[in-house]
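Written below as structure tokens is the structure these notes are about.
Since every read-out is calculated from the coordinates, none of them should be taken as a lab result. Predicted model, so just to flag it, every value in this text is computed and none were measured. All Cβ positions, even for glycine, are placed from backbone atoms using ideal geometry, and neighbour counts span all protein chains on display.
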Amino acid sequence: MRLLPWTGADGKACYLSTDNPDSVLSQLADDVEAAQLASAEQVLAGARAVLGDPKAGERAVRFALTRAVESLGDVLRVAVSRGGGGAR
């Protein structure tokens, strides 16, 4: 069973049951995971820039933190899916 990088409409985890890593859904999950990881790199760079700017206001810091939390959730889901983390 593979944990997919998205949740259902009810917010619950979605799983894929297949032995074929080349299936359409497996490939879609791989693409979504790659996009999530690339996005997390950009969010990290942006958050570092905000935190490094002594003139950054509360709104900028809150925005950066909100995006960082979202990205961390995505990255943790990818890690769990790939066997690199605990249950979510």
Rank by packing, highest mean first: peptides 14-27, 55-68, 36-49, with packing defined as the count of other Cβ atoms within 10 Å averaged across residues.
36-49, 55-68, 14-27
Out of Pro5, Leu25, Phe63 - ranked by how far each Cα lies towards the positive end of the dipole of the chain, with unit charges on the beta-carbon of charged residues - the top one is Phe63
On Cα atoms only, tilt of 24-51 relative to the major axis of the chain in degrees
10 degrees
Where does the chain land at 222 nm, in deg cm²/dmol rounded to the nearest 500, when only DSSP H runs of n ≥ 4 count, each adding -39500 (n - 2.57), divided by all residues?
-21000 deg cm²/dmol
Nearest 10 degrees is fine. How inclined is helix 58-81 to the longest principal axis of the chain, computing both from alpha carbons?
20 degrees
Report, largest value first, the span of the C-alpha coordinates of the chain along each principal axis, in whole Å.
52, 24, 22
Long-range amide H contacts for Cys14: which residues qualify at under 5 Å (H placed 1.01 Å from N, peptide plane, sequence gap of 5 or more or a different chain)?
Leu4, Trp6, Gly8
